[in-house]
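Encoded as structure tokens, the structure appears first; notes follow it.
The values are calculated or read from the model by the stated rules, or taken from the named source; none is laboratory data. In this text the structure is predicted, and so the values were computed from the model without any measurement. No Cβ is skipped: glycine too gets one built from the backbone with ideal geometry, and neighbour counts run over all protein chains shown.
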Amino acid sequence: MRIFAGIMLCVAFVSADPFQGGADFPAMLFPGREVSARVEPQPGVRVFTFSVPPSTVAARLRVRAGGSVEVAVRREGRVVARSVGEGWEVWLTRWERTLRPGTYVVEVGYEGDVGDGVDVSLLFSLVSGEASFDIETGRPVRLVLSPEQAMCTVGRLKVPQGVPALRVDVLDAEGDVDLFLAPGTAVPDPRAASHRATTPLGRESLVVGEGLAPGDYALMVADLRVLEAPEEVVLLVRFEESPPPLEARGPVLSPVVQVVAGRSMGSGVLVSEDGKILTALHVVEGGEEVVVAVTREEGMPPDELFRAEVILEDEVRDLALLRLTADLYGRPLPEGIDFPVVTPAFSEMRVGSRITLVGYPPGVGLRSRPVELRLPSLVAGRERVWTEGGRRDLLKVSGWIGEGMSGGAVFDEQGRLVGILTGRISDGWGGLGVVVAAHEVPSDWWHR
């Protein structure tokens with residue numbers, strides 16, 4: 001039976017009613033207590049203050065107004081957040097370096113020279129880094145990261161005398177979850193935690209062996225990159241170094257995979273039944289370890305299941321061929337995995353042909369980890385270029401080409417692979433994508 005652990009609650013201070021403030025002194029904001037006020041054309045500004053205790057990891061301020069107002073949040077005279085409009089919500093956090101213990105000043109200014117004034121309301125809340133529940137060891141624990149709690153939760157661990165190691169594994173996560181461990185009963189600043197695991201992976205692991213002292217520890221589980229929707233996380237904490245088993249949840253659904261090499265993230269295409277993958281060279285260049293994630297549930301982020309190595313490179317075409325070598329934790333590849341494999345099409349594509357681009361671009365969903373995205377597109381043009389390695393024929397395709405799509409697949413209307421996305425001709429999203437056609441891939445790569 002899995003244990004459902006509660007998420008931490010906002011800190012609520014017991015106090016008298018907030019001061020209403022005035023032109024000469026600020027009104028005080030208290031966590032969880034909404035304050036209403038009116039901003040008049042003269043003097044045109046209402047001032048509020050709030051205090052942040054040392055154990056706080058995040059603070060949220062919500063402002064609602066009956067008209068346009070300008071809001072500025074200051075600490076020691078420096079503006080840390082600003083907005084103009086009728087409504088605003090801002091998070092100040094330790095990990096973004098916008099929050100420190102101390103006193104903050106909120107200025108709400110009237111937009112305009114004449115009028116009857118504007119009614120405003122302010123609601124302020126805090127998220128504490130103090131541990132709020134005990135983490136059971138030796139069995140999976142299911143947690144929920146909530147936007148109301150800045151997508152983080154902190155639990156208590158007691159390390160007994162004489163244990164050889166402490167290992168924390170994220171068995172399942174919808175987002176890019178990070179782990180922060182600190183001695184004591186709180187993690188007030190994740191950046192200063194004594195042990196951290198902050199890769200782009202969802203299946204994060206943190207192992208503390210040599211130097212592990214007995215006593216109390218606080219473990220923060222957090223997704224520091226998104227505040228859009230709740231996320232479930234399954235956590236396993238054990239006093240040993242050996243990795244956990246990888247749960248098999250179904251077949252691999254797509255031949256297009258996600259490729260993660262260090263901080264670099266891209267896509268790749270399965271081209272053989274034994275797990276060889278074609279991708280863009282710049283995705284894996286410089287990455288000491290390559291992790292491959294596969295989609296096993298439609299609409300969900302891919303599962304990080306495999307390690308891979310680069311076996312062939314083509315710098316002229318910006319291509320690399322990978323080979324799966326082990327499971328995520330370095331153990332031998334499991335037997336009986338059926339990989340869906342693409343069928344290449346070596347005929348030349350005409351300008352105007354309909355195609356589909358498939359890859360894993362981040363930042364286009366509610367989660368901090370991407371799901372497979374299929375984008376309809378057209379062959380917008382062809383270009384022949386000469387390089388030191390000889391002539392290259394490139395395709396230019398239309399569509400929203402973003403980071404994470406490099407190494408992704410280009411399919412024709414029959415579902416055949418006609419090329420690999422290797423770049424884009426624009427800044428940011430949009431513009432044209434650059435594709436290496438399937439017939440440009442070295443012929444022996446398809447049969448290795």
| task | Taking the residues in segment 374-393 that are under 17 Å from E315 (Cβ atoms) and out of contact with any helix residue (DSSP H, G or I) (no Cβ under 8 Å at 6 or more places or on another chain) as candidates, determine which candidate is modelled with the lowest pLDDT. | result | G389
| task | State whether one or more residues within segment 102-110 are part of a loop (DSSP other than H, G, I, E, B) and either surrounded by 13 or more Cβ atoms within 10 Å (Cβ to Cβ) or of a type outside the set (D, E) (or both). | result | no
| Got at least one residue in segment 149-165 being of a type in the set (G, A, S), touching a strand residue (DSSP E or B) at 6+ places or on another chain (Cβ under 6 Å) and assigned to a loop (DSSP other than H, G, I, E, B)? | yes
| message | Exactly one condition in (1) under 29 Å from R225 (Cβ atoms); (2) of a type outside the set (D, E); (3) surrounded by 13 or more Cβ atoms within 10 Å (Cβ to Cβ) is false for R78; which is it? | response | (3)
| Which numbered condition R82 fails, given (1) at pLDDT 90 or above; (2) of a type in the set (D, E, K, R); (3) outside the structural domain of G109 (by TED's automatic domain parsing) | (3)
| Do any strands (runs of 3 or more DSSP E) entirely within segment 304-421 hold 1 or more residues that are within 30 Å of L145 (Cβ to Cβ) and of a type in the set (A, V, I, L, M, F, W, C), and if so, which? | 319-327, 354-359, 373-387
| Of all residues in segment 256-303, which are assigned to a loop (DSSP other than H, G, I, E, B) and under 18 Å from L373 (Cβ atoms)? | T295, R296, E297, E298, G299, M300, P301, P302
| task | Taking only segment 288-317 into account, find how many residues are touching a Ser or Thr at 6+ places or on another chain (Cβ under 8 Å) and surrounded by fewer than 16 Cβ atoms within 10 Å (Cβ to Cβ). | result | 2
| In segment 328-349, what count of residues is obtained for those that are within 20 Å of D412 (Cα to Cα), out of contact with any strand residue (DSSP E or B) (no Cβ under 6 Å at 6 or more places or on another chain) and at pLDDT below 90? | 3
| Across segment 210-250, which residue is surrounded by the most Cβ atoms within 10 Å (Cβ to Cβ) among those that are more than 18 Å from A182 (Cα to Cα) and hydrophobic (A, V, I, L, M, F, W, C)? | V233
| field | Matching residues, segment 321-355, being under 18 Å from W446 (Cβ atoms), polar (S, T, N, Q) and in contact with a Leu (Cβ under 9 Å, 6 or more places away or on another chain) | value | T343
| List, please: which pairs have Cβ atoms under 6 Å, are six or more places apart or on different chains, and start with a residue in segment 210-231 that is more than 30 Å from P362 (Cα to Cα) and end with one that is surrounded by fewer than 15 Cβ atoms within 10 Å (Cβ to Cβ) and basic (K, R)? | D216/K158
